[in-house]
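Trainee: Got a structure for you, written out below as structure tokens; questions coming shortly.
The values are calculated or read from the model by the stated rules, or taken from the named source; none is laboratory data. Quick caveat, the model's predicted, so the values are computed rather than measured. When we count neighbours, we look across all protein chains shown, and the Cβ atoms used for this are built from the backbone with ideal geometry, even at glycine. Side chains are part of the model used for accessible areas, which takes the heavy atoms of the whole protein and leaves out ligands, DNA and RNA. Shrake-Rupley method; radii C 1.70, N 1.55, O 1.52, S 1.80 Å.
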Amino acid sequence: MDIKSVILAAGKGTRMKSQTPKVLHEIYGKTLLGYVLDNVKNITSENFVIVGHHAEEVEEFVKKNYTNAKTVLQSPQLGTGHAVSMVCPELENYEGLVLILCGDTPLIREETLREFINFHTENKSDLTVMSTIFENPTNYGRIIREADNTLKCIVEEKDATAEEKAVKEVNAGIYCLNWGKIKGAFSQLTSNNAQGEYYLTDIIEWGKKNSLNVNAYILENNEEIFGINSRINLAEATKILTKRVLNDLMVNGVTIVDPDSTWISPDTTIGQDTIIYPSTYIEGTNKIGKNCKIGPCAHLRGGVEIFDNVKIGNFVEVKKAVIKSNTNVGHLSYIGDSELGSHVNIGAGTITANYDPLSKVKSKTTLKDDVKIGSNSVLVAPVTVEEGANIGAGTVVTKDIPAWSLGITRSPLKVFADWVKNKLAD
């Protein structure tokens, strides 16, 4: 059966205290909305992102990065039920499943969404809501069940009685709908509540009244639906995601010397027997091979592909670069927009000068196999150093270097005998 998604991303995010829309705040260089879209892209045929606050910025992000997603404007913002109703014209003749998610929940897993959908179809549900258990359920809508344990309704905290507030099972904010049977609810929602809004949760009660099969799926790991409402939440979510990533890497044969000081994005893959040393930060999408040594205090900024048996030294920054096997990048170096061959040695303090501040163009540095770069050298892109060439320490390379040549721009050394003694005698 075809599946489409609706992602709620219209909120202002007041507690973020930011000019940036909440869903465009980032973890490891990827937006919160990007995490959600990436987690549904292999499940759905089409995704609708509901935009409102700073709509133009969110629209631009979606248009630039996702071909199977489109934005739908909600103006004014009259609640979550009103938000979903904005896609009704787009889905007027659609009869498949619709998955509804929040754009500020980056920790939800694709595997969890698949299990949720399977639960929905196996139970022949018309409407399934995802729930989870919190010991402190403050700020979450409560799941209210019938005497036979089936789902009765969801009550928002501001509308809940004291008895309802004591319920620990809460709404996780993710829904699976048989759209053909549920779409009628969105024209019948009312705003008779404490907030004066059209609640998405009211479709549960509507489904019950219309004799539809309504169920709740309990998510075991409540961390996955952690929502971002503040900078504090953003930092907490980053820690949760980091712990998940590092645990997965260690289970699969990667050594993380100090997990407490190591930060690695979920879009980075690392081969077995690679060692990640403390205070290393790896963001964006990267691929690191087997038997590598990274750090300590290394920074990979994304778009990096590192082959097997590579060493990235301490205080090295790498961005948009390919580094082939058995290559060593010495400490205190910057490698950006570059391609390094195998058996290359980069001396300490080497810089690839890839950016022209006047033209604002970034150019590529290419080092072929067996190239040796002396310490404290600058490679001014675009430049190619051919196979086997050596660059003397302190050299500024501004033109291509032929194979097996020596490139050097060092001034002659001058020695002044007894200069220190004479200076002290003055």
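Trainee: Consider GLY173 carefully, then state whether it is touching a helix residue (DSSP H, G or I) at 6+ places or on another chain (Cβ under 9 Å) and on the phi > 0 side of the Ramachandran plot.
Mentor: yes
Trainee: If you don't mind, another one. Does SER261 meet the test of being touching a residue at least 40 places away in the same chain (Cβ under 8 Å) and either open to solvent by less than 50 Å² (accessible area, probe 1.4 Å) or within 30 Å of VAL310 (Cα to Cα) (or both)?
Mentor: Considered against the rule, which asks whether it is touching a residue at least 40 places away in the same chain (Cβ under 8 Å) and either open to solvent by less than 50 Å² (accessible area, probe 1.4 Å) or within 30 Å of VAL310 (Cα to Cα) (or both), SER261 comes out as no.
Trainee: Determine which member of the set VAL36, VAL23, VAL49 is under 21 Å from SER85 (Cα atoms), out of contact with any helix residue (DSSP H, G or I) (no Cβ under 6 Å at 6 or more places or on another chain) and crowded, with 21+ Cβ neighbours inside 10 Å.
Mentor: The conditions single out VAL36.
Trainee: If you don't mind, another one. Which residue pairs have Cβ atoms under 6 Å apart, sit 6 or more places apart or on different chains, and have a first residue in the stretch 318-345 that is closer than 13 Å to THR366 by Cα and of a type in the set (Lys, Arg) and a second that is in a loop (DSSP other than H, G, I, E, B) and open to solvent by 10 Å² or more (accessible area, probe 1.4 Å)?
Mentor: LYS320/GLY303; LYS324/PHE307; LYS324/SER342
For (1) within 25 Å of the chain's Cα centre (by Cα); (2) part of a loop (DSSP other than H, G, I, E, B); (3) in contact (Cβ under 8 Å) with a residue 40 or more places away in the chain, each residue gets a yes or a no:
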residue	(1), (2), (3)
GLU111	yes, no, no
ILE117	yes, no, yes
HIS120	no, no, yes
SER131	yes, no, yes
GLU135	no, yes, no
THR138	no, yes, no
ILE143	no, no, yes
ALA147	no, yes, no
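Trainee: Would you mind stating whether VAL344 is crowded, with 17+ Cβ neighbours inside 10 Å and closer than 17 Å to CYS297 by Cα?
Mentor: When the stated conditions are applied, VAL344 does not pass them.
Trainee: For the stretch 179-254, list the helices (runs of 4 or more DSSP H) that sit wholly inside it and hold at least 2 residues that are open to solvent by 50 Å² or more (accessible area, probe 1.4 Å) and at pLDDT below 95; which are they?
Mentor: Counting at least 2 such residues, we get 202-209.
Trainee: Being aliphatic (A, V, I, L, M), under 30 Å from LEU101 (Cβ atoms) and in contact (Cβ under 8 Å) with a residue 24 or more places away in the chain is true for just one of ILE270, ILE232, ILE225. Which residue is that?
Mentor: ILE225
Trainee: Same structure again: Is it true that LEU101 is within 25 Å of the chain's Cα centre (by Cα), under 17 Å from ILE204 (Cα atoms), open to solvent by less than 70 Å² (accessible area, probe 1.4 Å) and among the aliphatic types (A, V, I, L, M)?
Mentor: So LEU101 fits the description; yes.
Trainee: OK, next. Quick check on this structure: which one of LYS165, LYS124 is out of contact with any helix residue (DSSP H, G or I) (no Cβ under 6 Å at 6 or more places or on another chain), surrounded by fewer than 23 Cβ atoms within 10 Å (Cβ to Cβ) and closer than 22 Å to ASN192 by Cβ?
Mentor: LYS165
Trainee: List the pairs whose first member sits in the stretch 54-65 and is within 8 Å of PRO21 (Cβ to Cβ), whose second member is assigned to a helix (DSSP H, G or I), and whose Cβ atoms are under 9 Å apart, counting only residues at least 6 apart or on separate chains?
Mentor: What qualifies is HIS54/LEU24; GLU57/LEU24; VAL58/VAL23; VAL58/LEU24; VAL58/LEU33.
Trainee: Using the structure shown, decide if LEU113 is at pLDDT 95 or above, under 25 Å from ALA237 (Cα atoms) and either crowded, with 22+ Cβ neighbours inside 10 Å or of a type in the set (S, T, N, Q) (or both).
Mentor: Numbers: at pLDDT 95 or above: yes; under 25 Å from ALA237 (Cα atoms): yes; either crowded, with 22+ Cβ neighbours inside 10 Å or of a type in the set (S, T, N, Q) (or both): yes.
In short, yes.
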